[in-house]
Amino acid sequence: MKRCIAVFAAVALSIGFLPPSGAESGGMVHDKAAGGQKSQGNVHKASGTVTKVDPAGSKVTIAHGPVQTLKWPPMTMNFVVKDRALLGKLSAGKKIEFEFVQEGRDYVVTSAK
């Protein structure tokens, strides 16, 4: 009985240390980045190509290159855009240089050119 409890506890604890699924790149679209980096409040820079704009959801999907400050490889992921004026300047196929921050579980584009 004690052995079963010990095994159960070990399994339960190990589940808490697993990274979120879908953390790999390889052409997948990610809503959230993985890896557990603490980036709240830091400004990150990247370049990429806009693949989709969702004005109703205030989101943009960007196929971006590596993000050195987060140790991210190139990937395609969704970002929130709170500034509607900035959202209006983005269109599918447009190459951009952009900055973003983490706000809670979201990654928010703060500037793009």
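The values are calculated or read from the model by the stated rules, or taken from the named source; none is laboratory data. Everything numeric in this text was worked out from a predicted model, so none of it was measured. Glycine also receives a Cβ, built like all others from the backbone with ideal geometry; neighbour counts cover every protein chain displayed.
Tell me, which residue of region 42-68 that is of a type in the set (Ser, Thr, Tyr) and out of contact with any Ser or Thr (no Cβ under 7 Å at 6 or more places or on another chain) is farthest from residue 96 (Cα to Cα)?
58
Just give me the residues in region 62-104 being of a type in the set (Lys, Arg) and more than 11 Å from residue 47 (Cβ to Cβ), in sequence order.
71, 82, 84, 89, 94, listed by residue number.
State all residues of region 66-113 that are small (Gly, Ala, Ser) and surrounded by 15 or more Cβ atoms within 10 Å (Cβ to Cβ); if no residue qualifies, say none.
Selection gives 112 alone.
Give just the number: which of (1) at pLDDT below 95; (2) surrounded by fewer than 13 Cβ atoms within 10 Å (Cβ to Cβ) does residue 23 not satisfy?
Just one mismatch for residue 23, condition (2).
Out of (1) modelled with pLDDT of 65 or more; (2) more than 15 Å from residue 107 (Cβ to Cβ); (3) charged (D, E, K, R), the odd one out for residue 3 is which?
(1)
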